[in-house]
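Heads up: the structure comes next, in structure tokens.
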Amino acid sequence: MTTPLTPVSLRWQGAADGSLEILDQTLLPGRLEWLPCQSVDAVIEAIRMLRVRGAPAIGIAGAYGMVVAAGEAMRAGHPADEARAHVLALAERLATARPTAVNLRWAVERCVRVIDQLPDDTPASGLATALLAEAQAIHAEDRDLCEAIGRHGLAVLPEGDILTHCNTGALATGGAGTALGVIAAAWEAGRRFTVYADETRPLFQGARLTAWELVQRGIPVTVLVDAAAGHLLATGRIAAVIVGADRITACGDTANKIGTYALAILAEAHGVPFFVAAPSSTFDLSLDSGAEIPIEQRAAAEVLAPLGVPAAPAGAGAYNPAFDITPARLIRGIITEKGVVTPVTRDAIRHNLEGHPGPA
């Protein structure tokens, strides 16, 4: 019997002068290949091209990208002032590699604060050492956050089959996952169910990544086309829908992979509870509502020729937003490492983020 395993999305190899390695998710499930990133350009390319994806995971990648920036300064022999300037100049490029997920900027800014606390004469090697410690701390914290999200989610997730969208597991985080972390916690607690995974067009993260992860974990999974979700919910076999998030506003409006909003409407129409699972770092309280969240627009080719296979005639255009906004009113609860926000209101969000486990 094969022992179920939890995949890993990225890892640091070596000491402060080492390199970031990313599991290239664009090749899954057919090939498992690690991509070495020894330059900031390589890290940015991996983030933009979705070789690493998922809000927590790209935040961790951004933090390690700051270490890579310091490594570039070390190899170039920059004196202390030039090394600092080099790393800080690359920080903004890393933070804006993808615009919607707030975790990326959050992690990079944490690293910038580490630099700000160091003496001005700190050499490049000192910057790299301090930044590696911070990046590894962010990575370790995310593992712990995923465990806590799983624990809190288990307490509110109903018994029965589950529908999910996109990928929210170990490939999208530094640990067991957010929404998939809750699912894994339920399975490990002895519950038995089938996970229905929307294929998640146009890049098929549900079919390629979520299904792959669940097979690795030994959890039954059934893949469906996105457009079949309404029919599935109408059958009455789904007990809950649970998804992740890339940014959550002060009122609870949530940005997640395109198709999430439609799924939330369908869940409400069929009386199925709709949950969001995300760490507190995904909240952006500077934004009042979902209308203020920037929505990334991606290449037309992803729609017109999915996975490189032409699916539309030459000359056709494409509308390809990567994310949509689910209004707070459609969300039964937001599961964080600090507890469950329910009902989803401004006061309940503030209460949760201040460390209180239950609703206000």
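Quick notes on this one:
- Test: I293 is in contact with a Lys or Arg (Cβ under 7 Å, 6 or more places away or on another chain) and either of a type in the set (S, T, Y) or surrounded by 13 or more Cβ atoms within 10 Å (Cβ to Cβ) (or both): yes
- Residue within the stretch 300-316 that is buried (at least 16 other Cβ atoms within 10 Å of the Cβ) and touching a Phe, Trp or Tyr at 6+ places or on another chain (Cβ under 6 Å) present: no
Quick grid of which residues meet (1) outside the structural domain of A264 (by TED's automatic domain parsing); (2) buried (at least 17 other Cβ atoms within 10 Å of the Cβ); (3) in contact with a helix residue (DSSP H, G or I) (Cβ under 8 Å, 6 or more places away or on another chain); (4) closer than 24 Å to L232 by Cβ:
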position	(1), (2), (3), (4)
C111	yes, yes, yes, no
D116	yes, no, no, no
D121	yes, no, yes, no
A124	yes, yes, yes, no
L132	yes, yes, yes, no
A137	yes, no, no, no
L157	no, yes, yes, yes
T164	no, yes, yes, yes
G169	no, yes, yes, yes
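- Count - residues of the stretch 41-78 that are among the charged types (D, E, K, R) and under 16 Å from the mean Cα position of the chain (by Cα): 3
- Residue count for the stretch 68-83, restricted to those that are more than 12 Å from P123 (Cβ to Cβ) and in contact with a helix residue (DSSP H, G or I) (Cβ under 6 Å, 6 or more places away or on another chain): 3
- Residue list for the stretch 189-203, filter: more than 15 Å from D246 (Cβ to Cβ) and in contact with a Leu (Cβ under 9 Å, 6 or more places away or on another chain): A189, R191, V195, Y196, A197, D198, E199, P202
- R201 part of a loop (DSSP other than H, G, I, E, B), at pLDDT 95 or above, more than 22 Å from I335 (Cα to Cα) and not hydroxyl-bearing (S, T, Y): yes
- The residues of the stretch 28-67 that are among the β-branched types (V, I, T) and touching a strand residue (DSSP E or B) at 6+ places or on another chain (Cβ under 7 Å), listed by number, are V43, V52, I60.
- Residues satisfying the stated conditions in the stretch 80-122, i.e. assigned to a helix (DSSP H, G or I), β-branched (V, I, T) and modelled with pLDDT under 95: V102
- The condition (being in contact with a Cys (Cβ under 7 Å, 6 or more places away or on another chain) and either more than 18 Å from V272 (Cβ to Cβ) or assigned to a loop (DSSP other than H, G, I, E, B) (or both)) is satisfied by just one residue among E159, E134: E134.
- Among the residues of the stretch 69-98, those identified as within 30 Å of I258 (Cβ to Cβ), out of contact with any Gly (no Cβ under 8 Å at 6 or more places or on another chain) and surrounded by 18 or more Cβ atoms within 10 Å (Cβ to Cβ) are A91, R98.
Residue-wise test of (1) in contact with a Leu (Cβ under 8 Å, 6 or more places away or on another chain); (2) under 23 Å from G259 (Cα atoms).
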site: G308; (1), (2): no, yes
site: D324; (1), (2): no, yes
site: E337; (1), (2): yes, no
site: V344; (1), (2): no, yes
site: D347; (1), (2): no, no
site: L353; (1), (2): yes, no
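- Scanning the stretch 241-263 for residues being in contact with a Leu (Cβ under 7 Å, 6 or more places away or on another chain) and farther than 23 Å from H351 by Cβ gives a total of 1.
- Listed by position, the strands (runs of 3 or more DSSP E) enclosed by the stretch 223-299 include none that has at least 1 residues that are among the acidic types (D, E) and under 19 Å from N167 (Cα atoms).
- Subset of the stretch 227-261 [more than 19 Å from A184 (Cβ to Cβ) and surrounded by fewer than 17 Cβ atoms within 10 Å (Cβ to Cβ)]: A227, A228, G230, H231, A234, T235, G236, R237
- Cβ pairs under 8 Å, 6+ apart, first in the stretch 304-317 and over 22 Å from P29 (Cβ atoms), second assigned to a loop (DSSP other than H, G, I, E, B) and of a type outside the set (A, V, I, L, M, F, W, C): L304/P310
The values are calculated or read from the model by the stated rules, or taken from the named source; none is laboratory data. Keep in mind the model is a prediction, meaning the values are calculated, not measured. Neighbour counts are summed over all protein chains in view; Cβ atoms, including those assigned to glycine, are modelled from backbone coordinates with ideal geometry.
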